[in-house]
Amino acid sequence: MTREIKLPEIASNIDHATVLALLVSVGDKVEKDQNIIEMESDKATFELPTNYAGTVKEIKVGEGDDVKVGQVVMILETEDEEPGEPQQEEQANDESQQKQQQAKEHTAEAEKEKPEKKEEDKKEESKPQQSEETTHQKPEAEKQDDPEQGQVKDKKQDKPDVEEQDNEEHKEVAASPSIRRLARELGVNIYRVEGTGPYERITSEDVKAYAKDMVKKSGGSAAEQEDYEMPDFSSFGQVERKPLDSIRQKIATAMSASWQNIPHVFHFDKADVTQLEAFRKKYSKHVESQGAKLTVTAILLKVLSKALEAFPKFNASLDMANAEIIYKKYYNIGVAVDTDRGLLVPVIRNVNNKSIVSLSKELGELAEKARNKKIMPDDMQGGNMAISNLGGIGGTNFTPIIYRPNVAILGVSRTTTEPVFIDGEFKPRMILPLSLSYDHRLIDGAEAARFLRWICEALENPFLMMFEGGEQ
Ligand code: CAO
């Protein structure tokens with residue numbers, strides 16, 4: 001029988017995605033859960049798996065197509081019987097609805113922070129093909145950003161600007177959806193751009209010129225990069241030019257936006273993890289027997305969630321436009337994962353309520369999903385702070401960049417055995433170097449020092465909290 005494969009709910013605030021690459025062709029046999037299409041949403045690049053095994057009968061979309069949630073992308077010929085279909089479809093729909101519900105719950109706080117985004121996307125969707133359009137759109141969406149998404153904020157920093165922005169809501173602008181998207185990605189408030197096209201229509205050149213001007217005025221380095229004239233490298237030797245893939249573009253945009261907008265300060269400390277390492281060795285078999293690997297990162301997740309409970313500012317976001325600090329009452333932590341496509345940051349939710357064993361399992365599964373291109377945009381949303389552990393690779397210390405809208409990130413370097421002077425003699429101790437990058441607009445140096453010391457002391461006394469939290 002034939003089965004329709006549709007674009008499922010990807011995340012609570014995403015209702016469409018673009019086809020980047022078709023991974024199968026008509027006539028190909030596919031397994032259940034095999035990835036069939038590489039797609040890109042506003043939030044991330046991901047691969048769409050099929051729910052069924054079968055043979056590809058028809059492909060309904062092409063590369064570059066914009067696909068709505070629920071739209072049929074492919075038709076498979078499967079071997080199962082007709083009667084089973086409605087039930088399975090229903091079940092798949094139920095699961096999808098449940099997932100959507102969970103995602104909505106998970107991101108409820110985040111949604112509150114960006115209520116206009118979905119609204120604006122909907123408006124764009126409803127007029128996708130009009131090349132020239134005039135709409136009233138709220139500018140809030142242009143100011144939203146996301147670390148995975150790489151959008152740049154153009155937030156107002158003080159009241160007069162906010163009032164000006166309110167007036168702008170009532171202004172009409174003529175710009176196509178692609179130009180609005182470009183403006184969002186460059187952090188440009190489209191209501192401030194003067195259109196030079198026919199009937200004052202805003203062109204991509206107008207948006208880019210505005211963005212350059214904006215960054216120049218703020219003394220940022222992106223303008224320098226854009227304006228920077230590349231030397232002719234071929235005059236020095238052989239070169240090869242390759243396009244930046246979409247993940248790398250998103251990472252690049254997100255990193256520069258973060259670096260330009262957040263006044264970073266870096267703080268360093270060292271934890272004596274000799275006892276912790278003995279503990280890890282002792283219990284690793286126990287954890288392994290439950291199908292997980294007890295790693296430093298899993299333990300740090302637990303410790304960090306407790307530190308966030310004790311220091312709520314580090315679990316907050318800074319809303320400069322409204323002059324507010326948003327304290328979050330949930331403890332979701334992102335973990336930087338090194339994949340062959342680049343850095344991805346899946347989020348582990350409600351870390352404070354989970355045991356180290358379940359955190360170890362979840363971390364392993366998420367890291368594998370990220371590396372196998374099975375990670376979905378929703379898996380990477382809603383993180384309050386992040387851990388970046390480069391210790392498995394090497395290095396004595398580093399200064400990670402904060403993922404907006406977080407206000408801090410914990411960097412973890414390699415544990416080494418060092419001589420430590422204790423009770424009048426040098427003793428070999430296992431030392432874990434930690435770095436904390438924090439947003440100095442919200443967090444003061446002394447608070448950062450106390451926060452990182454708290455983490456070090458928790459690691460130095462592992463038995464105090466190791467098995468806290470309910471099993472999930
Ligand atoms: N010091 C010493 N060894 C460490 C360590 C540390 N800080 N952290 C991990 N290791 C060791 C582990 O013990 C493991 O050794 P064995 O194989 O001998 O047991 C090995 O390194 C690999 O660890 P892992 O990757 O399996 O486990 P993890 O849970 O500690 O890390 C993850 C998971 C996803 C964080 C990691 O795999 C990863 O991708 N790290 C890179 C993150 C990154 O790219 N950050 C930069 C982002 S830019 O800010």
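The values are calculated or read from the model by the stated rules, or taken from the named source; none is laboratory data. Treat the numbers as computed from the prediction; the structure is a model and nothing was measured. Note: ideal-geometry Cβ built from the backbone for every residue, glycine included; neighbour counts use all protein chains shown.
Of all the criteria given as (1) without any contact (Cβ under 8 Å) to a residue 12 or more places away in the chain; (2) more than 10 Å from the ligand (Cβ to nearest atom), the one not satisfied by ASN353 is (1). Taken over the stretch 19-34, the criterion of being surrounded by 17 or more Cβ atoms within 10 Å (Cβ to Cβ) and either more than 18 Å from ALA370 (Cβ to Cβ) or more than 20 Å from the chain's Cα centre (by Cα) (or both) is satisfied by VAL19, LEU22, VAL24, VAL30. Among the candidates ILE443, ILE409, which residue alone is within 10 Å of the ligand (Cβ to nearest atom), surrounded by 14 or more Cβ atoms within 10 Å (Cβ to Cβ) and modelled with pLDDT of 95 or more? Within the list ILE443, ILE409, the selection yields ILE409. For the stretch 360-380, filtering for residues that are more than 10 Å from the ligand (Cβ to nearest atom), out of contact with any Ser or Thr (no Cβ under 6 Å at 6 or more places or on another chain) and either touching a residue at least 24 places away in the same chain (Cβ under 8 Å) or in a loop (DSSP other than H, G, I, E, B) (or both) leaves 9.
Set side by side, the residues VAL188, VAL207 differ, and just one is of a type in the set (A, V, I, L, M) and either modelled with pLDDT of 80 or more or over 21 Å from LYS250 (Cβ atoms) (or both), which is VAL207. When the stretch 334-344 is limited to residues that are among the aliphatic types (A, V, I, L, M) and within 12 Å of GLU368 (Cα to Cα), the one that is farthest from the ligand (Cβ to nearest atom) turns out to be LEU344.
Pull up the stretch 412-427, narrow it to residues that are of a type in the set (Val, Ile, Thr) and outside any loop (DSSP other than H, G, I, E, B), then point me to the one that is nearest to the ligand (Cβ to nearest atom). Walk me through how you get there before you give the answer.
Filtering the stretch 412-427 down to residues of a type in the set (Val, Ile, Thr) leaves 412, 415-417, 420, 422.
If we keep only those that are outside any loop (DSSP other than H, G, I, E, B) as well, we get 412, 416-417, 420, 422.
Working: VAL412: 5, THR416: 8, THR417: 11, VAL420: 17, ILE422: 21 Å.
By that ranking, first place goes to VAL412.
Among the residues making up the stretch 251-291, a single one is part of a loop (DSSP other than H, G, I, E, B) and within 10 Å of the ligand (Cβ to nearest atom): VAL273.
Checked against (1) away from the ligand (no atom under 12 Å from the Cβ); (2) aromatic (Phe, Trp, Tyr); (3) surrounded by fewer than 18 Cβ atoms within 10 Å (Cβ to Cβ), PHE398 meets all criteria but (1).
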